[in-house]
1. Which one of these is surrounded by 24 or more Cβ atoms within 10 Å (Cβ to Cβ) and acidic (D, E): D276, D281?
2. If E150 satisfies all but one of (1) over 21 Å from V46 (Cα atoms); (2) within 19 Å of the chain's Cα centre (by Cα), what's the number of the condition it fails?
3. Which residue, of G99, G114, G29, is buried (at least 23 other Cβ atoms within 10 Å of the Cβ) and either farther than 27 Å from D281 by Cα or under 16 Å from the mean Cα position of the chain (by Cα) (or both)?
4. If we scan the range 226-249, do we find a residue that is of a type in the set (A, V, I, L, M, F, W, C) and outside any helix (DSSP H, G or I)?
5. How about the range 161-187: which of its residues are more than 18 Å from R107 (Cβ to Cβ) and outside any helix (DSSP H, G or I)?
6. Would you point out the residue of the range 264-295, among those that are farther than 15 Å from V228 by Cβ and hydroxyl-bearing (S, T, Y), that is modelled with the highest pLDDT?
7. Is there a residue in the range 176-183 that is under 16 Å from the mean Cα position of the chain (by Cα) and over 18 Å from K124 (Cα atoms)?
Amino acid sequence: MLSNFLVCINAVIPLFILLVIGYLVRRTGLLKDEEVHRFNHMVFLVFFPPLMFQNLYGNNDGFLPDGKLLLFAVPFILCVILLSIPLVKKIEKNPRSQGAMIQAVYRSNFILMGLPVAINIFGKGNVSQTALLIAVIVPMYNVVSVIILESFRGSKPDIGQILKKVATNPIILGAVAGILAILLGITLPKPIATTVEWMADVTTPMALILLGASFDITTVKGQKRNLVFCILMRLLVVPAAGLSLAALLGFRGVEFVALIAMLATPMAVSSYTMADSMDSDGELAGNCVIFSTPLSCITLFFWLFLFKSLGMF
């Protein structure tokens with residue numbers, strides 16, 4: 001029991017500490033709003049591709065995605081989306097807020113919060129299944145979010161623009177580069193390999209510090225009902241349903257932790273950016289990210305400890 005507790009603590013506490021550091025950095029005035037936004041954009045464009053590349057390239061064994069894992073993950077997310085639409089419509093009548101709420105229910109912070117958890121448990125180079133699941137799920141998140149946010153503001157989705165955004169997503173490009181390097185048997189020269197490894201190592205701490213710096217608890221106003229609904233669905237209801245089903249279907253080990261990373265992490269930071277830029281309820285989307293992230297350090301520990309104790313990984 002104690003060993004299970006320590007595994008879960010070691011997976012989650014570093015994330016929480018980095019979030020606190022980021023919050024303190026912002027409170028002391030070392031970073032301003034505009035700087036946080038600019039640095040976030042830089043991390044997304046410059047550092048996330050090497051992170052994805054390294055987590056695939058660093059493990060050549062079994063790098064192909066588990067067909068059973070994908071056959072579970074993709075339909076489950078689609079079912080969550082379809083079930084959340086009528087539920088959200090009953091709770092909220094404003095279409096702009098409906099789109100933001102639906103996105104908050106299914107779109108997790110798989111990369112920023114999920115991948116580090118898997119790495120903390122299994123070690124660098126041993127989470128290729130998680131990285132490849134990200135390469136499939138994250139584009140799906142992006143495509144579905146564009147369709148939902150456009151539909152709930154009365155616009156017709158532009159398929160060409162959706163495909164362009166997916167094809168030029170730096171995270172996807174990093175994953176594709178890693179897969180190609182393995183398939184083609186490419187060995188990076190040592191200076192390049194070292195540089196990629198250093199950049200991958202920097203990514204998670206920097207991104208989490210910047211996420212902590214973006215917290216602003218003064219923006220809630222009259223959103224409590226919708227905010228509570230989104231957080232409960234994202235952190236408790238969806239993972240409870242998905243992980244219980246995954247356990248019954250026989251998922252274990254790295255694959256099960258990959259599903260925890262996908263289902264039990266908070267709302268994706270990019271969900272705010274997308275909602276705000278597409279005339280959805282950007283304020284609600286931002287608050288979902290802000291409040292679900294620190295709370296997820298508690299709930300994520302709970303899910304890890306529960307399923308570690310049950311022998312799922």
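1. Details: D276 fails: surrounded by 24 or more Cβ atoms within 10 Å (Cβ to Cβ).
Every option except D281 fails the conditions.
2. (2)
3. Working: G99 fails: either farther than 27 Å from D281 by Cα or under 16 Å from the mean Cα position of the chain (by Cα) (or both); G29 fails: buried (at least 23 other Cβ atoms within 10 Å of the Cβ).
Only one candidate qualifies: G114.
4. We begin by selecting, within the range 226-249, every residue of a type in the set (A, V, I, L, M, F, W, C); these are 227-233, 235-238, 240-241, 243, 245-249.
If we keep only those that are outside any helix (DSSP H, G or I) too, we end up with 249.
Yes.
5. Once the filter is applied, which keeps residues that are more than 18 Å from R107 (Cβ to Cβ) and outside any helix (DSSP H, G or I), the range 161-187 yields T168, L184, G185, I186, T187.
6. Once the filter is applied, the top-ranked residue is T265.
7. Let us first name the residues in the range 176-183 that are under 16 Å from the mean Cα position of the chain (by Cα), namely none.
No; the residues of the range 176-183 include none that is under 16 Å from the mean Cα position of the chain (by Cα) and over 18 Å from K124 (Cα atoms).
For (1) more than 17 Å from V138 (Cβ to Cβ); (2) modelled with pLDDT under 90; (3) among the hydrophobic types (A, V, I, L, M, F, W, C), each residue gets a yes or a no:
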{"position": "T28", "(1), (2), (3)": "yes, no, no"}
{"position": "H37", "(1), (2), (3)": "yes, yes, no"}
{"position": "F53", "(1), (2), (3)": "no, yes, yes"}
{"position": "L70", "(1), (2), (3)": "no, no, yes"}
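The values are calculated or read from the model by the stated rules, or taken from the named source; none is laboratory data. Just so it is clear, the structure is predicted and the values come from calculations on it, not from any experiment. All Cβ positions, glycine included, derive from the backbone under ideal geometry; neighbour counts span all protein chains shown.
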